[in-house]
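Below is one structure, written out as structure tokens; comments come after it.
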Amino acid sequence: MDKIIFIRVVALDLRPRRFGFAVLEGPHRLLDWGIRGYPTQPVKVSAVRKRIVSLLRMFSPSVVILPRQMSSLRKCPAQKACLQLVSREALRRSIQTEFVGKQELRRTFERFGKSMTKHEIASQIGLIFPELTWKLPAARKPWHAEPHNQTTFDAIALGLTYFARFEPPGSAADGVTQP
């Protein structure tokens, strides 16, 4: 067995008023997941820090996974402040920080379909982790807002994409298969 199976990661999907998180121990073991909200007017750094620190303290991850989202950070100072806070806390605790881009994430899930939408990726995650099927967000119409719990599935997708980096190219396991 490869040692990557035993690495514990915390994947965070940062949003303007909340963040989704997923704690994975290898690509097949989901330990915890959820959404934490925080006030944004003005950004209460202490409130965000408290939520992030409690996750890092509780799960003691080896790696924190964050989305590479530089373009949207200019629009949302709250997200930028949260990203900086997470990076500082991880550095303070000697936890490695890794970034996953949208293209890498899409390539990871492409084996299940040509161009996977967020809903299709979430559905695939529901197949990998059946305990999440009851939380699966409904397919979104273009004129509807994104479902609240989509951020949890986005965080899990970040974690699975990170683990897919360690699988040999073209392998059936690629980090995102059924357990």
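Tally Lys/Arg at +1 and Asp/Glu at -1 over every other residue whose Cβ is under 12 Å from the Cβ of Ile125; what's the total?
Taking every other residue near Ile125 into account, the sum is -1.
Using a 1.4 angstrom probe, figure out how much accessible area region 69-164 has per residue, in square angstrom, rounded to the nearest whole.
56
Any chance you could run the full-extension gain for Met58 through Val45? It's 0.36 nm times the residue separation minus the Cα-Cα distance, nm to one decimal.
On the way: separation 13, 0.36 × 13 = 4.68 nm, distance 1.97 nm.
Between Met58 and Val45, full extension yields 2.7 nm more.
Would you mind checking which residues have amide H under 5 Å from Gly34's amide H? H placed 1.01 Å from N; only 5 or more apart, or other chain.
Excluding prolines and chain starts, which carry no amide H, the hits are Phe21.
Between Lys141 and Gln103, what is the FRET efficiency for a Förster distance of 25 Å, r being their Cβ-Cβ separation, to the nearest 0.05?
Working: r = 25 Å, r/R0 = 1.01.
Step by step, r from the Cβ atoms, then E = 0.50.
Given Lys50/Lys141; Lys50/Lys80; Lys50/Lys102; Lys80/Lys118, which pairs have Cα atoms separated by over 25 Å?
Over 25 Å apart, Cα to Cα: Lys50/Lys141; Lys50/Lys102.
The values are calculated or read from the model by the stated rules, or taken from the named source; none is laboratory data. Please read these numbers as outputs of a predicted model, since none were measured by experiment. Virtual Cβ from ideal backbone geometry, glycine too; neighbours counted across all protein chains shown. Keep in mind that these areas ignore ligands, DNA and RNA; they rest on the heavy atoms of the full protein, side chains included. Shrake-Rupley method; radii C 1.70, N 1.55, O 1.52, S 1.80 Å.
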